[in-house]
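The values are calculated or read from the model by the stated rules, or taken from the named source; none is laboratory data. No experiment lies behind these values; they were computed from the predicted model shown. Counting neighbours? That spans all protein chains shown, and the Cβs are built from the backbone with ideal geometry, glycine included.
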Amino acid sequence: MTAFDPPAPGVDRHRLSRRAFLGSATVAGTMGLSGCSSLAGVLGNPNSTAATTVQFWTLFSGGDGAAMKSIVERFNDEQPLGDVRIERQRIPWNEYYTKLYTALVADTGPDIAIMHQALMSRFQAMLDPFDDYLPNDSRSQYVPTLYDRMTVDDQQLALPLDAHPIGIYYNRSLFESAGLDPDAPPTDFDSFRTACDAIVSETDAHAFASALDPIGMLRTFIAVLNQRGGSLLSDDRHSVAFDSDAGLATAQLFANNTGEYGWDVPNADNQRARVAFRDNNLAMIVNGSWYAAVCESIDGFDWGAFKPFIAPDKQRDVTESGSHAIVLPRNPTRSEETTRTAVATAEWITQNNPIWGTTAGHLPAATDALHSDALRDSPLWPKSISIFSEMANDDQFAYLPRAPFNVNEGSTWDFLGDIYAHTVSPEAGISRGAETVQGVIDDVK
C-alpha cells in the first residue's frame, strides 16, 4: 500500500506517511491553481447564536475570494436551510493543504472544505463519502462529466463547484490591426499559424505566449500533449509518459514559438506575458477560466477567447482543466445532524450560486447555475464561459492528473520554461523533466 492508498479494513487511517504527504501537498503559493489566498482569517461571527454552525475552509482570494465571501454572506443572510450559519475560514494557498492534513490527522477538521480534484485521491482516507447523504437524483443536478470526476473507487468523494479549463485569450483590436477577423479566431494549427504570422508582420506586438509561470506552462503542455495523443503520466500514474514522440513534439512547439516561428521572445519571466497582453503588446495568451474576469476588468480592453485546439498534427480536441470541489472531511466528533446539514450546505453552495461564474469566471458545475439567466446574461458568458461549457459538454477536458506527488509544485516543471527560453534543447529538457518527475513519483510511493 502506498502512502495514499485507502487503508485496509481495520487499519488506522491516521497512519498515513506524513513525509510522503507533505512532499505531495505543500504547494508554492504563486504556482497554484486559480484563487490563491494571501491572508488567513475567520470570516463570519464566531459567536453566532445559530442552532447549527457549519465550519467551511477555503483557499480563495482575489476575484475568487470576493465571490465566495459573497456566497457565504448570502447564505448567512437568507438562511436557506433554517437556523444554520456558515463560519468560513480562509487559509493561504501555500499553507492550506498542509493545515488541512494536520487538522484531519487530529480529527479537528472543518465540516466542509474546498479541494482541488487532483488532490482527492491523496486525501481519500481522511474524507467521508457523500453517498449516504445525497438524494437519488443528485447527479442530475450537475454537469455529468464534472460530477463523475468527483468519484474515487466508486465513492462520491466530493461535490463539484466548477471546472476551470484553459483557453486562449486574444486581443480583438490587434487582430483587426493585423487584417484578421476578430469574430473568426483560429480553430486549428494552420489557421493559428496564419494568425500568428500576420500579427508579427503587420503589428508591433508579439503573437502568442503561454502563461509563463511553471504551472501555467504545464497546463499548456498538457493540453497540446493530449491533443497530439500523448499523456503526462501512465494510466496507473506511477510512471512518466511524456517522454514520448508526442511530448518531444510539444516541447519543440514551445521552442519554435520563441525561435523558428518568432511569435514570442525566449524569455520565461513569470509575469511578462500577462503584462504584455494587458498592455496590447501580445495578441494571444493561454490562461485559465479565471482570467476572463481579469480581462473584463481592464478598461477599454476588447478581448475574446477561443478553444485552444491548435496543436500541429492534432489527433483530438481537448484542453487541460481542473475543478474546485467541496469535500466532507472526516471528523468522528461531528454529529449526524451536523453532517447532514454540512452536506446540504455543500449542495447549496455548489448549486445555487451563478456568481461563481459571473464574478469569478469559472464554469459552474451545477446545471441550474449554468443555465441561469444571471450567468447567460453576464458579459462573460458569450466571451468565455459559453466556450468552456461547450468543451465540458463534449467531454474535452484533460484533467490535471491525480498524481502520487504534488503536481502543482512549480519547480518540478521548470524544464518547460527552460525549453521556452532556449537554455536547454527540447530533447534535453524532456529528458531532464522525465527524470525529475519519475524521481518524485518514486520518492512518494
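Just give me the residues in segment 349-360 being over 16 Å from Ile326 (Cβ atoms) and modelled with pLDDT under 95, in sequence order.
If the condition is that a residue be over 16 Å from Ile326 (Cβ atoms) and modelled with pLDDT under 95, then Thr359 is the only one that fits.
In this structure, does Thr423 turn out to be surrounded by 15 or more Cβ atoms within 10 Å (Cβ to Cβ) and among the polar types (S, T, N, Q)?
Spelling it out, it is not the case that Thr423 is surrounded by 15 or more Cβ atoms within 10 Å (Cβ to Cβ) and among the polar types (S, T, N, Q).
Would you be able to say whether some residue in segment 287-309 is touching a strand residue (DSSP E or B) at 6+ places or on another chain (Cβ under 9 Å), closer than 20 Å to Gly62 by Cα and of a type in the set (S, T, N, Q)?
Yes, segment 287-309 has at least one match.
Name the residues in segment 306-325 that are of a type in the set (A, V, I, L, M, F, W, C), under 20 Å from the mean Cα position of the chain (by Cα) and surrounded by 24 or more Cβ atoms within 10 Å (Cβ to Cβ), would you?
Correct list: Val318, Ala325.
Take segment 163-178 and flag every residue that is among the small types (Gly, Ala, Ser) and either touching an Asp or Glu at 6+ places or on another chain (Cβ under 6 Å) or in contact (Cβ under 8 Å) with a residue 40 or more places away in the chain (or both).
Residues satisfying the conditions are Ala163, Gly167, Ser173, Ala178.
Which condition does Asp111 not pass, out of (1) free of Cβ contacts under 8 Å to residues at least 24 places away in the same chain; (2) of a type in the set (D, E, K, R); (3) touching a strand residue (DSSP E or B) at 6+ places or on another chain (Cβ under 7 Å), if it passes all the others?
Of (1) free of Cβ contacts under 8 Å to residues at least 24 places away in the same chain; (2) of a type in the set (D, E, K, R); (3) touching a strand residue (DSSP E or B) at 6+ places or on another chain (Cβ under 7 Å), only one is false for Asp111: (1).
Restricting to helices (runs of 4 or more DSSP H) lying wholly in segment 117-202: which have 1 or more residues that are in contact with a helix residue (DSSP H, G or I) (Cβ under 8 Å, 6 or more places away or on another chain) and either surrounded by fewer than 23 Cβ atoms within 10 Å (Cβ to Cβ) or assigned by TED's automatic domain parsing to the domain that holds Gly304 (or both)?
The helices (runs of 4 or more DSSP H) meeting that bar are 144-148, 172-177, 189-202.
Please verify whether segment 173-185 includes one or more residues that are in contact with a Leu (Cβ under 6 Å, 6 or more places away or on another chain) and either farther than 24 Å from Met391 by Cα or among the charged types (D, E, K, R) (or both).
No, segment 173-185 contains no residue that is in contact with a Leu (Cβ under 6 Å, 6 or more places away or on another chain) and either farther than 24 Å from Met391 by Cα or among the charged types (D, E, K, R) (or both).
Between a residue in segment 390-418 that is part of a helix (DSSP H, G or I) and any residue that is charged (D, E, K, R) and modelled with pLDDT under 95, which pairs come within a Cβ distance under 7 Å, given they are 6 or more apart or on different chains?
Gly410/Asp213
In the set Ser37, Ser48, which member is at pLDDT below 95, surrounded by 18 or more Cβ atoms within 10 Å (Cβ to Cβ) and either assigned to a loop (DSSP other than H, G, I, E, B) or hydrophobic (A, V, I, L, M, F, W, C) (or both)?
Ser37
Go through segment 358-388 residue by residue and tally those that are hydroxyl-bearing (Ser, Thr, Tyr) and free of Cβ contacts under 8 Å to residues at least 60 places away in the same chain.
Residues that pass the stated criteria total 4.
Within segment 99-113, is there a residue that is outside any loop (DSSP other than H, G, I, E, B), under 16 Å from the mean Cα position of the chain (by Cα) and of a type outside the set (A, V, I, L, M, F, W, C)?
No, that holds for no residue.
Would you confirm whether or not segment 424-432 contains a residue that is assigned to a helix (DSSP H, G or I), out of contact with any helix residue (DSSP H, G or I) (no Cβ under 7 Å at 6 or more places or on another chain) and acidic (Asp, Glu)?
Within segment 424-432 (the criterion being assigned to a helix (DSSP H, G or I), out of contact with any helix residue (DSSP H, G or I) (no Cβ under 7 Å at 6 or more places or on another chain) and acidic (Asp, Glu)), the answer is no, since none of the residues qualifies.
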